[in-house]
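J.: Take this structure first; my questions come after.
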Amino acid sequence: MKTLAIEGMQWGDEGKGKVTDFCASHADIVVRSQGGNNAGHSIEHHGVRYALRLLPSGILNPDTVNVIADGVVINPKAMLEELRILSEKGISSYQLLISKRATLLMPYHIEIDKAREEALGDKKIGTTKNGIGPCYEDRASRLSLRVGDLLDIESLQERVESILPLKNLELKAYGGKEFSVEEIMALLLEVREALLPHIIDTTAYLQKALKEGKKILFEGAQGAMLCMTYGTFPFVTSSSPLATAIPNNTGLPLTAVEDVLGIMKAYTTRVGAGPFPTEIDGPLADSIREKGHEFGTVTHRPRRVGWLDLPQLKYVIEISGIKRVALMLLDVLSAVDELKLCTGYFIDGKEIDYMPSTVAELEKVEPQFITMPSWKEDISSIRNYDELPLNCRRYLETIEEKLGVKIAMVSVGPDKEATILREELF
Ligand code: GDP
Ligand code: IMO
Ligand code: MG
């Protein structure tokens, strides 16, 4: 296999960073194709923790080329700060390429994001307040700056002069901070020098790499249920985390994505507002949250916790064509006395066989659960599938059977070593 896509199957934070890093040593190239620094991908290497937001998770491997492709929104200051933090941790040898077609995320996007959330009050989306939505909107309405604009200062200035008054109108309406052309140009010129050596036409680069038979790993950000079309709209992000969006975000043909590895937790989490059919609260949710350190990598918000939701996963498997999955954070469930697994959705007492597409309908869903016995043993040092406790294997085999997928990898701790590999991933 020459190419593989890593896709989050739930509401993000499934452990995509760990799996990408795990596979990166077999990849020539790791590509981020959508999202921005709303992502937070944690990687643990021999006890050192790295939190990546915009940088692809192959960045720790000096031989891997890391590509930030066309569909990404880039906050340049945030990206440079990430590189600075990495160099403090001793990672200063890396290969990074940034697409000329990628979109630049500017401070006014962040201000608009914050102002909108405030204006929505208790109807807010619970965004990461990183300006992601307003930045993608500007791309769609053809008002954004692109990385390639940094190459020519004169036309960059003209672009800023034509766009900024429109942005300021919006900010004024919200009573937010307005920006001057000088301020935005100063920021762009400040980051320009550091970015220039990395800027290329990544579409042409990836096309060539594909023809040369290079191994390419596509690292998804967010999760399928946060997809702006197929997720729990409007409580979603502003890009599509589905592997099916990769061609359109990289300039590669459909055939460029040979396989999709779905990444799922052994349970479910979500940050931010919106429907969550299998959500649990109270002391049980607290103990899972504590054991799994379920606090946002980006915002440090406590993540909402719920049981594994098979109808939700089945839906994602179908829309993404997933045949193999990595099941993450299984060790966390050792903290639970009795496990529940959602096997069906009912609305008004009738079973439904589709994923509701409106919030109104999703809120009416009554999840049907089966109960399964748990295990108490600490499984974090187990490396062979057959050594897992019987109840643990039963849990995994039930998931495989009901979802019709193969669990190719089981993760039992944050570190790279804490992995049970059942077949080669890449
Ligand atoms: P991502 O956004 O999909 O990359 O996931 P995050 O990094 O935001 O969240 C996953 C969290 O779980 C991180 O803190 C990881 O270090 C951690 N993690 C990953 N796999 C495991 C695992 O198998 N067990 C435990 N206990 N933690 C894990
Ligand atoms: P990774 O890649 C979890 C959520 C936010 C909010 C919604 C919209 O680490 O899995 P946005 O700032 O994108 O406009 O927020 O999407 N969200 C994530 N939740 N993991 C992520 O990324 C997320 N990126 C965005 O919490 O509910
Ligand atoms: Mg995350």
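The values are calculated or read from the model by the stated rules, or taken from the named source; none is laboratory data. This one's a predicted model, so the numbers in the text were calculated from it and none came from an experiment. Heads up, the Cβs are rebuilt from the backbone with ideal geometry, glycines too, and the neighbour counts pull from every protein chain shown. Each accessible area value is taken on the protein alone, full model and side chains, heavy atoms only, with ligands, DNA and RNA left out. Shrake-Rupley method; radii C 1.70, N 1.55, O 1.52, S 1.80 Å.
J.: Quick check: residue separation of LYS402 and ALA51 times 0.36 nm, minus the Cα distance between them. What number comes out in nm?
T.: Contour length minus the Cα-Cα distance gives 123.0 nm.
J.: On to the next question. Kindly rank 247-255, 53-61 from highest to lowest mean number of other beta carbons found within 10 Å of each residue. Could the numbers behind the result be given before it?
T.: Values: 247-255: 16.7, 53-61: 25.3.
Answer by packing, highest mean first, reads 53-61, 247-255.
J.: Sticking with this one: Charges only on Cβ, +1 for Lys and Arg, -1 for Asp and Glu: so what's the dipole of segment 239-324 about the Cα centre, in debye to the nearest 20?
T.: Roughly 80 debye, rounded to the nearest 20.
J.: Out of residues 5 or more away from ILE199 or on other chains, whose amide H comes under 5 Å of its own, with H placed 1.01 Å from N in the peptide plane?
T.: Here ILE98 satisfy the definition.
J.: How big is segment 118-201 on each of its three principal axes, counting only the C-alpha atoms and giving the largest first in Å?
T.: Reported extents, whole Å, longest axis first: 44, 24, 22.
J.: Here's something else I'd like to know. What percent antiparallel are the DSSP beta bridges of the chain, to the nearest 5?
T.: Expressed as a percentage, antiparallel bridges in the chain total about 40.
J.: Could you tell me how far the Cα centroid of segment 378-426 sits from the Cα centroid of segment 161-223, in Å?
T.: 39
J.: Percent of alpha carbon pairs in segment 84-154 separated by more than 21 Å?
T.: Numbers: 1162 of 2485 pairs.
For segment 84-154, the share of Cα pairs beyond 21 Å comes to 47 percent.
J.: Which ³J(HN,Hα) values, rounded to whole Hz and listed in residue order, are derived for segment 312-317 from phi using the Karplus coefficients 6.51, -1.76 and 1.60 in 6.51 cos²θ - 1.76 cosθ + 1.60 with θ = phi - 60°, glycine and proline given as x?
T.: 5, 5, 4, 4, 5, 4
J.: Still on this structure, please answer the following. Under a cut-off of 20 Å between alpha-carbon atoms, report the lysines in cross-link reach of LYS208, not counting same-chain residues fewer than 8 places apart.
T.: Within reach: LYS2, LYS100.
J.: Considering amide H positions built from the backbone, and no H for Pro or chain starts, which residues 5 or more places from VAL67, or on another chain, come under 5 Å of its amide H?
T.: It is VAL30, VAL31, ARG32, LEU97, by chain and number.
J.: Turning to a different aspect of this structure: Under the Karplus relation 6.51 cos²θ - 1.76 cosθ + 1.60, θ = phi - 60°, what is the ordered set of whole-Hz ³J(HN,Hα) values for segment 53-62, x standing for Gly and Pro?
T.: For segment 53-62, the Karplus curve yields 10, 10, 6, x, 6, x, 5, 6, 9, x Hz.
J.: Between segment 257-277 and segment 84-157, how far is it from one alpha carbon centroid to the other, in angstrom?
T.: With segment 257-277 and segment 84-157 each reduced to a Cα centre, they are spaced 24 Å.
J.: How large is the Kirkwood hydrodynamic radius of segment 241-322, counting all unique pairs of alpha carbons, in Å?
T.: In segment 241-322 this quantity evaluates to 14.7 Å.
J.: Moving to a separate point now. Using modelled backbone amide H atoms (1.01 Å from N, in-plane), which distant-in-sequence or interchain residues come within less than 5 Å of SER374's amide H?
T.: It is LEU339, by chain and number.
J.: Let me ask something additional. Hey, what do the phi angles of segment 24-29 turn into as Karplus ³J(HN,Hα) couplings, whole Hz, using 6.51/-1.76/1.60 and θ = phi - 60°, x for Gly and Pro?
T.: 4, 5, 9, 9, 7, 9
J.: Please state the Cα pair-distance histogram of segment 253-370 with 5 angstrom bins from zero: what percent is in each bin?
T.: 2, 10, 18, 21, 19, 16, 9, 3, 1, 0
J.: Rounded to the nearest 20 debye, what is the charge dipole size of the chain about its Cα centre when +1 sits on each Lys and Arg Cβ and -1 on each Asp and Glu Cβ?
T.: 360
J.: Express the relative contact order of the chain as a whole percentage, based on alpha carbon pairs under 8 Å and six or more residues apart in sequence.
T.: Numbers: 934 pairs, mean separation 85.9, N = 426.
Rounded, it is 20 percent for the chain.
J.: Right, next: In percent, what relative contact order does segment 295-359 have, based on Cα pairs under 8 Å that are 6 or more apart in sequence?
T.: Averaging sequence separation for qualifying contacts and normalising by length gives 38 percent for segment 295-359.
J.: Scaled to the compact-protein estimate 2.2 N^0.38 Å, what is the alpha-carbon radius of gyration of the chain, rounded to two decimal places?
T.: My calculation over the Cα atoms of the chain gives 0.98.
J.: Given the -39500 (n - 2.57) contribution per DSSP H run of 4+ residues, what per-residue ellipticity at 222 nm results for the chain, rounded to the nearest 500 deg cm²/dmol?
T.: -10000 deg cm²/dmol
J.: Something else: Evaluate the distance, in nm, between pseudo-label points positioned 7 Å from the Cα of ILE85 and of GLN157 along their respective Cα→Cβ axes.
T.: Spacing of the two 7 Å Cα→Cβ label points: 3.5 nm.
J.: Quick one: dipole size for segment 168-279, taken about the Cα centre, charges +1 on Lys/Arg Cβ and -1 on Asp/Glu Cβ, in debye to the nearest 20.
T.: The calculated dipole for segment 168-279 is roughly 340 debye.
J.: Another question about this same structure. Got the relative contact order for segment 31-76 handy, in percent, Cα pairs under 8 Å and 6 or more residues apart?
T.: 48
J.: Can you tell me the orientation of helix 202-211 relative to the chain, as the angle in degrees between its alpha-carbon axis and the longest Cα principal axis, to the nearest 10?
T.: For helix 202-211, the angle is close to 50 degrees.
J.: Assuming 1.002 mPa s and 20 °C, estimate D for segment 1-74 with Stokes-Einstein, Rh taken as the Kirkwood radius over Cα pairs, in µm²/s.
T.: This corresponds to a translational diffusion coefficient of 171 µm²/s.
J.: Students often forget the sequence filter, so: which aspartates and glutamates lie under 14 Å Cα-Cα from LYS172 once same-chain residues fewer than 8 apart are removed?
T.: Result set, ordered by chain and number: GLU111, ASP113.
J.: May I ask you to give the percent of accessible area on segment 108-163 that is carbon plus sulfur, with a probe radius of 1.4 Å?
T.: Values: 1360 of 2890 Å².
Answer for segment 108-163: carbon and sulfur cover 47 percent of the accessible area.
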